[in-house]
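Report on the following structure.
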Protein chains: 2
Amino acid sequence: MNIKHNKEDVLKTGLGMFCNKGYNSLGIDEICKVTGMTKGAFYNAFQSKEQFLIEAILLYAKNNVNRIKAQLQPRKKLSAYERLYQFYINMLEVQPKVNFMGCFINNIMSELGSANEKVGLAATKAFDEFIDAIEPTVKEAQQNKELNSKWKARQMTELFHATFYGSLTRAKSSKDHQQSIKTIKLLFNNLKTTK
Amino acid sequence: MNIKHNKEDVLKTGLGMFCNKGYNSLGIDEICKVTGMTKGAFYNAFQSKEQFLIEAILLYAKNNVNRIKAQLQPRKKLSAYERLYQFYINMLEVQPKVNFMGCFINNIMSELGSANEKVGLAATKAFDEFIDAIEPTVKEAQQNKELNSKWKARQMTELFHATFYGSLTRAKSSKDHQQSIKTIKLLFNNLKTTK
DNA sequence: TTATTTGTACCGACCGTTCTGTTTGATTAT
DNA sequence: ATAATCAAACAGAACGGTCGGTACAAATAA
């Protein structure tokens, strides 16, 4: 294995670039320039650009599942509902600071999901892992009677995340994350149990 | 103006290609080949690929606003709520037949929304026009007391559409529109007034 | 005639990838 | 300990192809 360039570091940098530029408009030359790699080293470490992307998706999924679990973990005085709510609102509030890049998985799904089977599978798997990580907190909020229990926790999680992604994409284009926040707030208000 | 190739026809074809392949992976050569145009004619009619895309967005917006209004128009025995519901379900059900291409506006927002200001503006405008076209039916459903009136019709429309887009993108990648349909159904059930 | 539109060759830039050759560092033989 | 060997890692030029866009002459329309 290389000394100067371990795969994880390069993937991390490449992932950040994919997040900002998408797949097709980011070239390997650019990745090499930023990471200080040469093409020889790149193609020794990765078999293709497509495979590089897939490995970047896996890294993103791993990191974010951890982040999700950390942010949703029970903490001081916050109920399951409140943690969920803050989790989504926070991701929207941070958008102006990250140039409205949105969510990498959603971007990749949109750009390549239907055109490239391997990539589509990897992105779908990442999405499923996010749902897996969020679902327990939704269930907890239902057991708390904070969230409506009329529907399965998994389905409700799917609804939360789909709405989040949709409003995120809108914000990416309009550069108005306030609208997205309103949308998420409306959804939460709606699924809340009436006390 | 050209005889063989009026702009609207070429735009229509190019739009279809953009829907299937996105922006960056569709070349002008390919557009010319499919439409039977030559590059000379193309660049005589359109000033750039970017401008071509923007005109395609305008065409898509126009066509779809009309389609939306037609589909949501009062018809035999269908309440406002039912028309809305069928409108969204139908767009999801049709996805397998259109290779899970999703919604052009959503795809473009995701691919170029934050990177290209002009395109982002055009896509946002198209989105707004969709919301404008749907909102009256949401309001009507509220007045019917089919939909919860606790929130503004416009905000509810934003919620419907964001959820629709998010679940559409998921379907594009997973090729499972049934999940998306469940998500939309859950949302509708939730916003329905309890009788 | 004059103005516009079209066909085609072509431009430089860039694409992902492969190639050849070199360096490296550990392993093995002496 | 030193030398020989070897595979992996690396550098980076070069490849064939495609990109969006242009030049310009031929064709057509006014």
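The values are calculated or read from the model by the stated rules, or taken from the named source; none is laboratory data. The structure presented is a predicted model; accordingly, all values stated were derived computationally and were not measured. Note that we place each Cβ from the backbone using ideal geometry, even for glycine, and neighbour counts take in every protein chain shown. Note: areas computed on protein heavy atoms with side chains; ligands, DNA, RNA excluded. Shrake-Rupley method; radii C 1.70, N 1.55, O 1.52, S 1.80 Å.
Inter-copy label distances at B:Met17, 7 Å along the Cα→beta-carbon direction, one decimal in nm, shortest first?
Once sorted, the set of distances for B:Met17 reads 2.9 nm.
Whose amide H sits under 5 Å from the amide H of A:Leu147, counting only residues 5 or more places off or on another chain, with H placed in the peptide plane?
Those lying under 5 Å, H to H, from A:Leu147 are A:Gln142, A:Thr193.
Could you tell me the calculated FRET efficiency between A:Ser79 and B:Lys62, based on Cβ-Cβ distance and R0 = 41 angstrom, to the nearest 0.05?
The pair A:Ser79/B:Lys62 has a calculated efficiency of 0.30.
Can you give the calculated 222 nm mean residue ellipticity of chain B, where each DSSP H run of n ≥ 4 adds -39,500 (n - 2.57) and the sum is split over every residue, rounded to the nearest 500 deg cm²/dmol?
-24000 deg cm²/dmol
If we restrict to alpha carbons, what Rg and Dmax does the protein assembly as shown come to, in Å?
Every Cα atom of the protein assembly as shown included, Rg and Dmax give 21.8, 72 Å.
Just reorder B:Ile134, A:Ile28 by solvent-accessible area, largest first, 1.4 Å probe, all chains present.
From most exposed to least exposed: A:Ile28, B:Ile134.
If the elastic network links every pair of Cα atoms under 10 Å, which of A:Lys33, A:Lys125, A:Lys175 fluctuates the most in the Gaussian network model of chain A?
A:Lys33
Taking A:Val94 in one copy and the same position in all the others, each labelled 7 Å out along Cα→Cβ, what are the pairwise distances from the first, in nm, shortest first?
Ordered by distance, the counterparts are at 3.8 nm.
Over the range A:38-195, with the other protein chains present, what is the accessible area per residue in square angstrom, probe 1.4 angstrom?
Per residue, the range A:38-195 has an accessible area of 44 Å².
When you take every Cα atom in the range B:7-191, what is the radius of gyration, and what is Dmax, the widest Cα pair distance, in Å?
17.8, 58
For chain A, list the DSSP H helices whose alpha carbon atoms reach 15 Å or more along the long axis and whose average Kyte-Doolittle value is -1.0 or above?
A:7-21, A:49-72, A:80-93, A:117-143, A:153-174, A:177-191
With r as the distance between the Cβ atoms of B:Glu8 and A:Asn99 and R0 = 25 Å, compute the FRET efficiency 1/(1 + (r/R0)^6) and round to 0.05.
Efficiency, rounded to the nearest 0.05: 0.10.
Say each of A:Lys192 and A:Glu129 gets a label point 7 Å from the Cα, pointing the same way as Cα to Cβ; how far apart are those two points in nm?
Each label point is offset 7 Å from its Cα along the Cβ direction, giving 3.3 nm.
Working with all protein chains in place, sort A:Thr13, B:Thr163 by solvent-accessible area computed with a 1.4 Å probe, largest first.
Accessible-area ranking of A:Thr13, B:Thr163, largest first: A:Thr13, B:Thr163.
Among the listed pairs B:Lys62/B:Lys172; A:Lys192/B:Lys192; A:Lys21/A:Lys69; A:Lys21/A:Lys172, which are separated by more than 21 Å between their Cα atoms?
B:Lys62/B:Lys172; A:Lys21/A:Lys69
Quick check: residue separation of B:Gln179 and B:Thr38 times 0.36 nm, minus the Cα distance between them. What number comes out in nm?
Residue separation times 0.36 nm, minus the Cα-Cα distance, leaves 46.4 nm.
For Cα pairs less than 8 Å apart in space and 6+ apart in sequence, what is the mean separation divided by the residue count of chain A, i.e. the relative contact order in percent?
Taking the mean separation of contacting Cα pairs over the length of chain A, I get 22 percent.
B:Gln143 to B:Ala70: extension gain in nm, 0.36 nm per residue of separation minus the Cα-Cα distance?
Answer, rounded to one decimal: 24.2 nm.
Work out the length of the dipole vector of the protein assembly as shown about its Cα centre, built from +1 on the beta-carbon of each Lys and Arg and -1 on the beta-carbon of each Asp and Glu, and round it to the nearest 20 debye.
1200
List, shortest first and in nm to one decimal, how far the label point of A:Asn189 (7 Å from Cα along Cα→Cβ) is from its counterparts in the other copies.
2.3
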